[in-house]
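Step one of this worksheet: look at the structure below.
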Amino acid sequence: MKKPFVANQDEAKELFALAQSKKLLAMPYQNRRFDSDYLTLKKVIELGYVGKPLSLESHFDKYRPDDRLHEGYQVDGQFYGLGVHMLDQILGLFGKPQTVSYDIRAIQNSASTVDDFYETQLFYDNFKATVVSNPLAARPYPRFLLHGTNGTYVKYDIDQQENDLKLGIMPGDPNFGIDTPSQFGVVKYKNQNGDWIEKQIPTINGDYGRVYDSIAKTLTNRDAKLVSDKQALWNMEILEAGIAEKGPHLYNLK
């Protein structure tokens, strides 16, 4: 099911229960688990380049001025629409956070009831992940900035699949979704001799079709779902708490 999956946790629980009673599969469509930049970040963490992760910044910024008045439900804003994907990426890597802080606003027209900016911080045991989307970022910020006990990884530029699709470059084309070397991330870390090493990390190719491959494996082989019910409910809890209160605030997960 595509976004918005549901508006709150209660609806999610009801949908999961209904699917289970009818022996069907219900799962949010989290295709950005197969973004190339995210897959590469995941590999950098798994290989231990930066040691133990201490902080991660995830940015999905752009420059799209629009100071018109936008009215609607809060679930129609940027936080629900894009934040749901960015939060899922963090939950898929690090699990459930202990506390979340929020700054969710309409920065281009403060009278709008639909947000266009958010900065959300997820706090874990000695680790913090920050997800940000800013519509007025005129200069690029790293897509991912990861600091750890042994080094730092920086990756600019978003996954190219959507851009290629807009140009008519389709999956199956040998150049579909591929980063050029100038778009590769860079890691700086200490090796076993204590020497600083800096090198590019070639981007792993993304493939949104793997969402459907995972669904097929769940249906035919009874593999675990790509996005577990727990992860989906954590995501909804974080989203729901974010818009439940205006202004900067904190929320402790249940």
Test: LEU250 is surrounded by 18 or more Cβ atoms within 10 Å (Cβ to Cβ), at pLDDT 95 or above, out of contact with any Cys (no Cβ under 7 Å at 6 or more places or on another chain) and not acidic (Asp, Glu): no
Residue that is farthest from LEU87 (Cα to Cα), among those in the stretch 135-144 that are in contact with an Asp or Glu (Cβ under 6 Å, 6 or more places away or on another chain) and surrounded by fewer than 18 Cβ atoms within 10 Å (Cβ to Cβ): ALA137
Among the candidates LEU82, LEU87, LEU54, LEU91, residue that is touching a strand residue (DSSP E or B) at 6+ places or on another chain (Cβ under 7 Å) and closer than 13 Å to ILE238 by Cβ: LEU87
In the stretch 138-165, the residues that are in contact with a strand residue (DSSP E or B) (Cβ under 6 Å, 6 or more places away or on another chain) and in a loop (DSSP other than H, G, I, E, B): ALA138, TYR141, PRO142, ARG143, ASN150
Test: GLU46 is over 30 Å from GLN200 (Cα atoms), surrounded by fewer than 19 Cβ atoms within 10 Å (Cβ to Cβ) and not polar (S, T, N, Q): no
Candidates ILE238, ILE197, ILE243, ILE215 - the one that is outside any helix (DSSP H, G or I) and of a type in the set (A, V, I, L, M, F, W, C): ILE197
Those residues of the stretch 166-194 which are on the phi > 0 side of the Ramachandran plot and either loosely packed, with under 12 Cβ neighbours inside 10 Å or not in a loop (DSSP other than H, G, I, E, B) (or both), in sequence order: GLY168, GLY172, GLY194
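The values are calculated or read from the model by the stated rules, or taken from the named source; none is laboratory data. Just so it is clear, the model here is predicted, and its values are computed rather than measured. Please note: Cβ atoms are built from the backbone with ideal geometry, for glycine as well, and neighbour counts cover all protein chains shown.
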